[in-house]
1. Restricting to region 203-229, what's the tally of residues that are in a strand (DSSP E or B) and surrounded by 13 or more Cβ atoms within 10 Å (Cβ to Cβ)?
2. Look at region 47-61 and say how many of its residues are touching a Lys or Arg at 6+ places or on another chain (Cβ under 7 Å) and farther than 9 Å from residue 92 by Cα.
3. Residue check: is residue 199 assigned by TED's automatic domain parsing to the domain that holds residue 168, under 26 Å from the mean Cα position of the chain (by Cα) and charged (D, E, K, R)?
4. If you check 146, 121, 125, which single one turns out to be in contact with a His (Cβ under 8 Å, 6 or more places away or on another chain) and either more than 30 Å from residue 267 (Cα to Cα) or surrounded by fewer than 16 Cβ atoms within 10 Å (Cβ to Cβ) (or both)?
5. Taking region 220-252 on its own, how many of its residues are within 30 Å of the chain's Cα centre (by Cα) and at pLDDT below 85?
6. Hey, can you tell me all the residues within region 128-142 that are over 17 Å from residue 62 (Cβ atoms) and surrounded by 17 or more Cβ atoms within 10 Å (Cβ to Cβ)?
7. Being over 25 Å from the mean Cα position of the chain (by Cα) and part of a helix (DSSP H, G or I) narrows it down to one of 37, 75, 61, so name that one.
8. With the requirement that a residue be polar (S, T, N, Q) and either touching an Asp or Glu at 6+ places or on another chain (Cβ under 7 Å) or over 18 Å from residue 195 (Cα atoms) (or both), what does region 254-310 give you?
Amino acid sequence: MWVLLYRDGSSRKYATLGLYSKMSKSQAEEKRDEVIAEANARNALAPDPLITFGDFLEGIALPFLRKKWKRSTAATSESRIRHHLLLEYRDTRLADLGLKGLQAFLNAKADTLSKSTVAHLRWDLHSIFKLAMAEGFADRDPTAALYTPRQAAVAVAMAMTKEEVEQYINALAQRERVIAHLAIFVGMRPGEILAMQRRHVNEECTEVIIDQRLYRGDIDTPKTDSSARTVAIPPKTASLLKEWMELVGRKNDAWVFASENAKKPMWRDNVWYRHMKPLLSPLGLAWASFQVLRRTHASLGHEAGIDPKVAADQRGHGIGVAIDVYTKAALSRRAEAAERLENAVLTA
């Protein structure tokens, strides 16, 4: 019997080539060459067990993740991954990364970064190792048991009071006042507001269709859903919007908030830093950014007793996000609630 002994990676293997009585030496050598060629082809396609975190990230993970990320997500996520994860583990073998080491990394980051950023890093690691498992570069996922450290700082989420909202709006010029109304009373994101065209606004300015958003000069699909949604415009905001729409061109593709050349929409940073913040700073309201306006919409709506599901649909996200992320009950409402509970229990 012709038998071939060979090494496949670190393992010793053998293959039976055929009967000695029915196969010449040259035929056995040809068969040997076929077996070796097949083994080499398999090894060429097999994942490299010595691959570093940096090589896997640059060559496989990031190219794959970019295809499913939206542009806004890609900008923030890739920057975070490169600044924190790649800087730390570029030359470390992927196979050498374990639960204890990765958790120690998150614990150290929790001393200087916000809880949200540390949580995102934990999710980034999970996504990378999930892909590594799927591609055969890892035989275990050490990120499954990772947790966000309790000591991670939680940023104070601020929202404006009713009195501050009135000051805020009255300080702005006509165009920025309309934008503020759409953010505070309608719950629209800045990218959705600035991506508005005449075709999106009905004749009475009581409804706006949101089927696109603006991000760094590019038009993209809405942040949380690729399908369109329609938001309701309350009467006072509708009145202001209608006055402004008289200044907008009659073409359906005319931008509601156009840049100086009218060919492109305004950028969010230009609106904020050039036209809003300078007028708000003397009032001490420069902290109330677009993110604060969105949170104010949720918080004041909650105080007004608006159904959370209705408010969430208006803003275009899930009800869990509406309650956990954006809604901030005012201290006076919490005091009132505590007093009502106390009075309900203690009769004397």
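The values are calculated or read from the model by the stated rules, or taken from the named source; none is laboratory data. This one's a predicted model, so the numbers in the text were calculated from it and none came from an experiment. So basically every Cβ, Gly included, is an ideal-geometry build from the backbone, and we count neighbours across all protein chains shown.
1. 10
2. The number of residues fulfilling the criteria is 1.
3. no
4. 146
5. Total meeting the criteria: 9.
6. Result: 142, single match.
7. 37
8. 281, 289, 296, 299
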